[in-house]
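The values are calculated or read from the model by the stated rules, or taken from the named source; none is laboratory data. As the structure is a prediction and not an experimental result, all values here were calculated from the model. In this analysis, Cβ positions are derived from the backbone assuming ideal geometry, glycine residues included, and neighbour counts consider all displayed protein chains.
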Amino acid sequence: MNWDDLRIIAAVRDEGTYAGASARLRIDETTVGRRLGRIQRDLGVPLFEAVDGVRRPTRHCEKVLEHVGAIAGHVAEIGRIRESQPGPVGRLRIASTNSVAEELLAPRAEQFLRDNPGLTLQFLTSSENVKFSRWQADLAIRLRKPEKGDFMISKLAEVRLYFFEPAETVDAAPVVCAYPDELAAIPESQFLRARRLSAARCITDNVRVIQTLIRSHRAIGVLPEHNCAALLVDRSLRATLLDKRRDVWLLVQIHLRRDPATRLTIDWLRLCFRDLARR
């Protein structure tokens with residue numbers, strides 16, 4: 001039994017005929033009769049009787065309608081929840097790497113959610129890209145520009161990159177930290193190749209791993225700025241700002257392009273990266 005079926009009972013009671021209920025609910029008259037017949041079979045009692053060409057509710061129907069009235073009231077209250085919220089209402093899934101979520105979004109999420117009580121954010125963090133074609137996320141932050149796809153794409157930011165190495169020479173050569181071969185086109189990998197540092201002994205797409213090794217003062221590597229705060233003030237390390245920056249791209253499901261909650265969230269994401277640029 002579902003709410004649409006229960007609405008048919010109320011409509012037939014109010015209009016007195018299947019034709020009247022059909023016009024009110026904007027469904028076929030045959031559908032009204034068929035669905036009402038199914039409800040009566042499920043309940044095992046008659047709901048209406050024909051009197052002078054009008055459908056009159058039976059005592060069983062009156063009992064059912066008491067509950068239908070209560071349900072209608074609850075449905076109306078649910079509908080007013082949106083009206084009670086100051087601003088857009090919605091639940092959005094944001095896909096990004098762990099480091100972007102942890103270092104850029106999470107520190108600013110509390111204030112954003114407090115300012116917008118109608119919004120709920122779900123963070124999907126992984127080094128693997130979500131499948132937009134399978135509706136796994138509503139928005140995604142990518143560090144590489146997708147070649148094609150059925151979504152809106154725009155540049156979110158250009159992130160500064162730093163090369164870190166020990167400030168003092170040590171006896172053993174520092175461990176070179178690099179990214180996997182599939183990331184050979186990113187500026188970080190290009191810089192290491194140009195410096196003839198391609199013989200990496202630590203290969204990972206996890207920037208937190210590279211950050212930890214660099215912090216040991218026995219490793220070298222390139223990191224995006226949002227992972228560098230503690231390293232930049234470490235006097236045992238030498239930091240070199242790279243000429244090239246890392247492009248960050250924002251992907252948005254097309255059907256959400258005019259959604260108020262989505263537009264508000266996009267503005268917030270841009271602000272998160274804009275704050276990074278001001279450091």
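Would you check which residues across the range 18-27 are surrounded by 16 or more Cβ atoms within 10 Å (Cβ to Cβ) and more than 37 Å from the chain's Cα centre (by Cα) and list them?
Once the filter is applied, which keeps residues that are surrounded by 16 or more Cβ atoms within 10 Å (Cβ to Cβ) and more than 37 Å from the chain's Cα centre (by Cα), the range 18-27 yields Y18, G20, A21, S22, R24.
Looking at (1) closer than 13 Å to V68 by Cβ; (2) under 39 Å from the mean Cα position of the chain (by Cα); (3) surrounded by fewer than 18 Cβ atoms within 10 Å (Cβ to Cβ), which is the one condition that is false for L43?
The one condition L43 does not meet is (2).
Yes or no: S236 surrounded by fewer than 12 Cβ atoms within 10 Å (Cβ to Cβ) and touching a residue at least 40 places away in the same chain (Cβ under 8 Å)?
Taking the combined requirement at face value, the residue satisfies it.
Being at pLDDT 80 or above, over 16 Å from T97 (Cα atoms) and not in a helix (DSSP H, G or I): is that true of E147 here? Before you say what the answer is, go through the steps one by one.
Numbers: at pLDDT 80 or above: no; over 16 Å from T97 (Cα atoms): yes; not in a helix (DSSP H, G or I): yes.
The answer is no for E147.
Mind checking whether some residue in the range 31-39 is within 30 Å of W268 (Cβ to Cβ) and aliphatic (A, V, I, L, M)?
There is no residue in the range 31-39 that is within 30 Å of W268 (Cβ to Cβ) and aliphatic (A, V, I, L, M).
Which residue, of L213, L223, is farther than 20 Å from E182 by Cα, of a type outside the set (S, T, N, Q) and in contact (Cβ under 8 Å) with a residue 12 or more places away in the chain?
Within the list L213, L223, the selection yields L213.
Looking for whichever is surrounded by 15 or more Cβ atoms within 10 Å (Cβ to Cβ), of a type outside the set (V, I, T) and closer than 18 Å to E102 by Cα here; the options are C177, C228. Which one fits?
Values: C177 fails: closer than 18 Å to E102 by Cα.
C228 is the lone residue from the list that is surrounded by 15 or more Cβ atoms within 10 Å (Cβ to Cβ), of a type outside the set (V, I, T) and closer than 18 Å to E102 by Cα.
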